[in-house]
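Chemist: Below you will find the structure I want to go over with you.
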Amino acid sequence: MKKNVILVLGLCSAVMLTGCKSKESAYRQAYEQATREQANNTDASQTTTTPAVTPVPTTPPVSEAPVTQTPTQPSSAVVVDNSDVRTIEGGFTVQSGNPLKTFSVVVSSFVTQANADNLATRLKAEGYDARVVKTNETINGTTGWYRVIAASYDDKPSAAQTRDQLRGKFPGAWLLYKK
């Protein structure tokens, strides 16, 4: 009798544990519904100050930009600090928007282009010359990140000023140096 009870309990436990699996399609449906609601909320209210999507926290490979000095000063004089400037290893292509200049302000990174395009559209509505670039770099096992660039400049001081202004909304904003 005890063997039958244990067998029945084991069988019931197995059925209960295997019957409760979530299906990938359920997750996909929930994601698509959230994306539609987010798009509707963004269209209905362009005055929100928080990003509609959460940027992926990543740290791209960092390469130092070239150190420059003024030609009229001796070589031991002023050295420009480029510790806050990064380059993208592997190159990139502009997906939407104007071509990049020497220094660009990167405000967010995404795995999907749709999310990057949504943020770029919001930035354009706020008056920025936003664009999206696709990188060929691999971070955390994912290749082909979409970087949202709020503005691009020929000089570093202008880019740094815009980056500092955007850090209230985008704390992880950084400068991209185009080689």
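The values are calculated or read from the model by the stated rules, or taken from the named source; none is laboratory data. These numbers come from a predicted model, not from an experiment. Neighbour counts run over all protein chains shown; Cβ positions are idealised from the backbone, glycine included. We work out accessible area using only protein heavy atoms, side chains counted, and drop any ligands, DNA or RNA first. Shrake-Rupley method; radii C 1.70, N 1.55, O 1.52, S 1.80 Å.
Chemist: Cβ-Cβ below 6 Å, separation at least six or inter-chain, first residue in the stretch 165-178 and closer than 18 Å to residue 92 by Cβ and among the basic types (Lys, Arg), second open to solvent by less than 70 Å² (accessible area, probe 1.4 Å) and assigned to a loop (DSSP other than H, G, I, E, B): which pairs?
Modeler: Qualifying pairs under 6 Å: 178/100; 178/102.
Chemist: Condition (residue is of a type outside the set (S, T, N, Q), open to solvent by 10 Å² or more (accessible area, probe 1.4 Å) and within 24 Å of residue 32 (Cα to Cα)) applied to the stretch 96-112: is it met by at least one residue?
Modeler: yes
Chemist: When you scan the stretch 111-130, do you find a residue that is in a strand (DSSP E or B), touching a strand residue (DSSP E or B) at 6+ places or on another chain (Cβ under 9 Å) and not polar (S, T, N, Q), even just one?
Modeler: Filtering the stretch 111-130 for residues in a strand (DSSP E or B) gives none.
No, every residue in the stretch 111-130 fails to be in a strand (DSSP E or B), touching a strand residue (DSSP E or B) at 6+ places or on another chain (Cβ under 9 Å) and not polar (S, T, N, Q).
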